[in-house]
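Report on the structure given below.
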Amino acid sequence: MRILVTGSTGLIGEAIAAHLAGQGHEVFGVSRKPAVSGWPTVHADMAAPDFLDRVTAEVAPCAAIVHSAASLSMRNDDPEIVLANCLGTQQVVVLAARWQTKCFVYLSSVAVIGRPRHVPVDEMHPLDPRTVYAASKLFGEHVCALAGMPAALLRVAAPIGPRMPRNRILPLFLLTARRNEPLLLNGKGTRRQNYVDVRDIARAVEACIGRAASGVYFIAGDESVSNRDLAEQCIRAVQSKSEIVFSGNPDPDDDIAWDICIEKAARDLDYRPRYSLDASIADIAVAL
């Protein structure tokens, strides 16, 4: 199957494109960044007026589109969020309509719910985005729904993988532990996050395409882990002598637990994470 993957040079998008290409699909990427990959990539900005013309000039109609491109900025005053995540998504949806794609997969975020009001968090949880980024991802979900085409909307937990940026909490813990320096935690270190390997996200996307899935699905790891537990796992992974030290600074999210239910994805997509957190941490440590 010919498949277009937007954001194909990003952490999630590259993992998806690589997995689909490895399964024998004809993959085409779209990215604003220069790409060195095993699949053709269109260098284009989704928010640009000529986006549709550039893509259709270089790529024949695709049976499926996986839309993973997004601005990840957490600054509420950053216009790039709206340009990339709102206008960009709208243009990709228009492209899907023009091509009459059989399957559309949109990578959303668990952040669209705001703060968890009950656990486990499932697809029926109320939506209350607290940042412009989260609101933009919810906007994208609505654009897909309003287009009147079948679309799988994947609300992804915190993605991790060997290519993740070094300024994220997990690589920072590993790099600090390698130097045998103290790992600093704010608050009580009890904030619980759910981490999911990008290779598992890619498998979920493949399942959506194979089943022509539509609707909302949470894609997450098996369980959430506290910041303190994450620090301890990183120390063990690199056999470090580091100690965990509390900074004394508060963490306003200390009592938040991102316990996410993946039963719907398991039922409809046969999705179960293959990568444990320990396995992901080990692979990330090797890549750093």
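The values are calculated or read from the model by the stated rules, or taken from the named source; none is laboratory data. In this text the structure is predicted, and so the values were computed from the model without any measurement. Virtual Cβ from ideal backbone geometry, glycine too; neighbours counted across all protein chains shown. We work out accessible area using only protein heavy atoms, side chains counted, and drop any ligands, DNA or RNA first. Shrake-Rupley method; radii C 1.70, N 1.55, O 1.52, S 1.80 Å.
Specify whether the C-alpha gyration tensor of region 77-133 places it in the rounded, prolate or oblate class, a ≥ b ≥ c being the square roots of the eigenvalues: rounded for a/c under 1.5, otherwise prolate if a/b is larger than b/c and oblate if not. In terms of gyration-tensor shape, oblate.
Take 40-48, 202-210 and order them by the average number of nearby Cβ atoms within 10 Å per residue, most first; the result is 202-210, 40-48.
Each Lys and Arg Cβ is given +1 and each Asp and Glu Cβ -1; about its Cα centre, region 245-288 then shows a dipole of about 300 debye. Over the chain, Cα pairs under 8 Å with separation of 6+ residues give a relative contact order of 19 percent. In the full protein context, the chain carries 46 Å² of accessible surface per residue, based on a 1.4 Å probe and ignoring ligands, DNA and RNA.
Considering only protein heavy atoms and a 1.4 Å probe, what is the carbon-and-sulfur percentage of the accessible area of region 190-288? In region 190-288, the share of accessible area belonging to carbon and sulfur is 42 percent. Here's the picture: charge each Lys and Arg Cβ at +1 and each Asp and Glu Cβ at -1 in the chain, and of Ala145, Gly215, Ala157 the one pushed furthest to the positive end of that dipole is Ala157.
Once the other residues with Cβ under 11 Å from the Cβ of Tyr133 are scored (Lys, Arg +1; Asp, Glu -1), what is the net sum? Taking every other residue near Tyr133 into account, the sum is +1. Helix content alone sets the calculated 222 nm mean residue ellipticity of the chain: runs of n ≥ 4 DSSP H residues at -39500 (n - 2.57) each, divided across all residues, give -10500 deg cm²/dmol. Note on the chain: antiparallel DSSP beta bridges, both residues inside, total approximately 10 percent of the bridges counted. Spatially, region 37-115 and region 8-23 are offset by 15 Å when compared through their Cα centroids.
Pairs from the table (Lys102/Lys137; Lys102/Lys264; Lys33/Lys188; Lys137/Lys188) lying more than 32 angstrom apart at Cα are Lys33/Lys188. Pairwise inverse Cα distances across region 165-288, averaged and inverted, put the Kirkwood hydrodynamic radius at 15.7 Å. Farthest towards the positive end of the charge dipole of the chain, among the residues Gln23, Ala84, Asn249, is the Cα of Gln23, using unit charges on the Cβ of Lys, Arg, Asp and Glu.
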